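Worksheet: the structure to be examined is printed underneath.
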Amino acid sequence: METESASDTAAVVAAAARHARFGKLPEPIRFHEMTEEKQAAPSASAAVSYDPEASWNHFSCLALDLGL
């Protein structure tokens, strides 16, 4: 029984040492405190629209090269 009380005492001493060294944990930071909303400026690429007629220029296709 003495070993159990000695280990309990050691655990209490260790906990007190940790608390003296580290103190308590900082308060958690809320998500809305970590984020910021900003108005986004439209990019130059957004002004260029997709052209399905010219999309074949971006891919290599043997059937298109042969005119099939």
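Quick look at the values:
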| read-out | value |
| --- | --- |
| Residue match in region 20-38 (condition: open to solvent by less than 100 Å² (accessible area, probe 1.4 Å) and either part of a helix (DSSP H, G or I) or in contact with a Phe, Trp or Tyr (Cβ under 7 Å, 6 or more places away or on another chain) (or both)) | yes |
| Residue check for SER7: modelled with pLDDT of 70 or more, of a type in the set (S, T, N, Q) and part of a helix (DSSP H, G or I) | yes |
| Of all residues in region 39-63 being aliphatic (A, V, I, L, M) and assigned to a loop (DSSP other than H, G, I, E, B), the one that is modelled with the lowest pLDDT | VAL48 |
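The values are calculated or read from the model by the stated rules, or taken from the named source; none is laboratory data. Just so we're clear, the structure is a prediction, and the values are computed from it rather than from any experiment. Glycine also receives a Cβ, built like all others from the backbone with ideal geometry; neighbour counts cover every protein chain displayed. When the accessible area is computed, the model is the full protein with side chains, heavy atoms only, and any ligands, DNA or RNA have been set aside. Shrake-Rupley method; radii C 1.70, N 1.55, O 1.52, S 1.80 Å.
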